[in-house]
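Student: Before I ask anything, let me first share the structure, which is written out below as structure tokens.
The values are calculated or read from the model by the stated rules, or taken from the named source; none is laboratory data. The structure presented is a predicted model; accordingly, all values stated were derived computationally and were not measured. Backbone-built Cβ (ideal geometry, glycine too); neighbour counts: all protein chains shown.
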There are 2 protein chains.
Amino acid sequence: MSRKSFLPIIRELVRCYQAFESHSGRHIRTLGLTPAQFDIVATLGNTDGMSFKQLGEKTLITKGTLTGVVDRLAAKKLVSRVASPTDGRSQIARLTSKGEKLFASIFPSHLGHLGRAFGEFSGEDLQHTEAILRNLRGAFERCGETT
Amino acid sequence: MSRKSFLPIIRELVRCYQAFESHSGRHIRTLGLTPAQFDIVATLGNTDGMSFKQLGEKTLITKGTLTGVVDRLAAKKLVSRVASPTDGRSQIARLTSKGEKLFASIFPSHLGHLGRAFGEFSGEDLQHTEAILRNLRGAFERCGETT
DNA sequence: GACATATAGTCCTTATTAGAACTATATTGG
DNA sequence: CCAATATAGTTCTAATAAGGACTATATGTC
């Protein structure tokens, strides 16, 4: 298989993601958060809180970064940290009541913003696009495992 | 169309891109460059140089960031800046001979690394995947234009 | 030629990113 | 019970990211 024939896919993936980031990030900033902060608020919404490990897994933000982002959300009084009752090493991050209100307000707004891109997609389009992306992700992840 | 039904696509796009970044970035770092630096070297390879404006368009690195990345590549003697002969505001960034050698050495290596992910893809798979990504990118970009 | 407007790149600021080293705590095996 | 190993989160570092303000230059109009 020609090595070059996959380059258009790489190019389209990068541009697609950047277009998404631009579309999404532009709106998030008007909400007074950064994309990483929004990601954490969205992940914590409608939960009782979760450990940093779980947060890192669900958001794919590396743990070195996660500490700082949670720090800034805590400084904004949107998130609080509580020591884990069961593991002395661990802390639980949880939305404060202010954070819950923010989540309740901005999450639907952001879903609406994102949804605008999908107005022309049929149900079949959506399922097909998801399947293709999952397959592509699997291809990259399988390479990662062999390292 | 249900607002929620596109969320799996968003999730898969983000995870797919992160898997790609992890797969690609890991290799680039072993080459002694950062992903943004590699992006610029790859974009300048096999050209006579280009303006920052053109570089920004081809790499989608914002100009505030671009100055710093080119600075660091210049400090590594991989890229040089020359004043534009036709526009007093503009500068041309170009690979040095050291940069050309690096490009010649690492670009095929990186293509090989990326190509490993696509070993199971048929020609039709590749074309189909590209078409889906282009369509999805178009959806996000069309939203950007209406702002 | 003068003036208004636009543009190229730089500088600045705040936040994020990734990963290694570190400390405190947990787990496992003998 | 103790030693070895693993893990959770923090700290640190250098680089990137995004966008606005700025300076120097270009362009267009009168």
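Student: For the stretch A:29-40, give me each residue that is surrounded by 20 or more Cβ atoms within 10 Å (Cβ to Cβ) and over 12 Å from the mean Cα position of the chain (by Cα).
Tutor: Across the stretch A:29-40, the qualifying residue is only A:33.
Student: How about the stretch A:20-34: which of its residues are within 10 Å of DNA strand D (Cβ to nearest atom) and outside any helix (DSSP H, G or I)?
Tutor: A:34
Let's see how each residue does on (1) among the polar types (S, T, N, Q); (2) touching a helix residue (DSSP H, G or I) at 6+ places or on another chain (Cβ under 9 Å); (3) farther than 18 Å from residue B:111 by Cα:
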residue	(1), (2), (3)
B:6	no, yes, yes
B:9	no, yes, yes
B:23	no, yes, no
B:28	no, yes, no
B:35	no, yes, no
B:40	no, yes, no
B:55	no, yes, yes
B:65	yes, yes, yes
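Student: Pick from the stretch B:52-101 the residues that are assigned to a helix (DSSP H, G or I), free of Cβ contacts under 8 Å to residues at least 24 places away in the same chain and more than 29 Å from residue A:22 (Cβ to Cβ): which of them is nearest to DNA strand C (Cβ to nearest atom)?
Tutor: B:75
Student: Only residues that are surrounded by 12 or more Cβ atoms within 10 Å (Cβ to Cβ), among the aliphatic types (A, V, I, L, M) and in contact with a Lys or Arg (Cβ under 8 Å, 6 or more places away or on another chain): list them for the stretch B:77-106, please.
Tutor: Those that are surrounded by 12 or more Cβ atoms within 10 Å (Cβ to Cβ), among the aliphatic types (A, V, I, L, M) and in contact with a Lys or Arg (Cβ under 8 Å, 6 or more places away or on another chain): B:78, B:79, B:92, B:93.
Student: For residue B:49, indicate whether it is within 12 Å of DNA strand C (Cβ to nearest atom) and closer than 23 Å to residue B:32 by Cα.
Tutor: yes
Student: Would you please name the residue that is surrounded by the most Cβ atoms within 10 Å (Cβ to Cβ), looking only at residues in the stretch B:1-19 that are more than 7 Å from chain A (Cβ to nearest Cβ) and assigned to a helix (DSSP H, G or I)?
Tutor: Ranking the candidates gives B:14 first.
Student: Residue A:21: of a type in the set (D, E, K, R) and under 16 Å from the mean Cα position of the chain (by Cα), yes or no?
Tutor: yes
Student: Here's a follow-up. Return yes when residue B:111 is surrounded by 13 or more Cβ atoms within 10 Å (Cβ to Cβ) and modelled with pLDDT under 95 and no when it is not.
Tutor: The answer is yes for residue B:111.
Student: Could I ask something else about it? Does the stretch A:60-76 hold any residues that are surrounded by 12 or more Cβ atoms within 10 Å (Cβ to Cβ) and more than 10 Å from DNA strand D (Cβ to nearest atom), and which are they?
Tutor: Once the filter is applied, which keeps residues that are surrounded by 12 or more Cβ atoms within 10 Å (Cβ to Cβ) and more than 10 Å from DNA strand D (Cβ to nearest atom), the stretch A:60-76 yields A:60, A:61, A:72, A:73, A:76.
Results for (1) more than 9 Å from DNA strand D (Cβ to nearest atom); (2) among the hydroxyl-bearing types (Ser, Thr, Tyr); (3) within 30 Å of residue A:43 (Cβ to Cβ), shown as yes or no for each residue.
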residue	(1), (2), (3)
B:8	yes, no, yes
B:18	yes, no, yes
B:36	no, no, yes
B:46	yes, no, no
B:51	yes, yes, no
B:55	yes, no, no
B:93	yes, no, no
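Student: Follow-up question, since we're still on this one. Yes or no: residue A:118 under 23 Å from residue B:17 (Cα atoms), buried (at least 16 other Cβ atoms within 10 Å of the Cβ) and within 14 Å of chain B (Cβ to nearest Cβ)? Explain how you work it out, then say what you get.
Tutor: On the way: under 23 Å from residue B:17 (Cα atoms): yes; buried (at least 16 other Cβ atoms within 10 Å of the Cβ): yes; within 14 Å of chain B (Cβ to nearest Cβ): yes.
Considered against the rule, which asks whether it is under 23 Å from residue B:17 (Cα atoms), buried (at least 16 other Cβ atoms within 10 Å of the Cβ) and within 14 Å of chain B (Cβ to nearest Cβ), residue A:118 comes out as yes.
Student: Right, residue A:115: in contact with a strand residue (DSSP E or B) (Cβ under 9 Å, 6 or more places away or on another chain) and either part of a strand (DSSP E or B) or not assigned by TED's automatic domain parsing to the domain that holds residue A:7 (or both) or not?
Tutor: Details: in contact with a strand residue (DSSP E or B) (Cβ under 9 Å, 6 or more places away or on another chain): no; either part of a strand (DSSP E or B) or not assigned by TED's automatic domain parsing to the domain that holds residue A:7 (or both): yes.
Taking the combined requirement at face value, the residue does not satisfy it.
Student: Ok, one more. Within the stretch B:25-49, can you find the residues that are among the charged types (D, E, K, R) and touching a Ser or Thr at 6+ places or on another chain (Cβ under 8 Å)?
Tutor: Residues satisfying the conditions are B:26, B:39.
Student: Of the numbered conditions (1) of a type in the set (S, T, N, Q); (2) in a helix (DSSP H, G or I); (3) surrounded by fewer than 17 Cβ atoms within 10 Å (Cβ to Cβ), residue A:43 satisfies every one except a single condition; which is it?
Tutor: (3)
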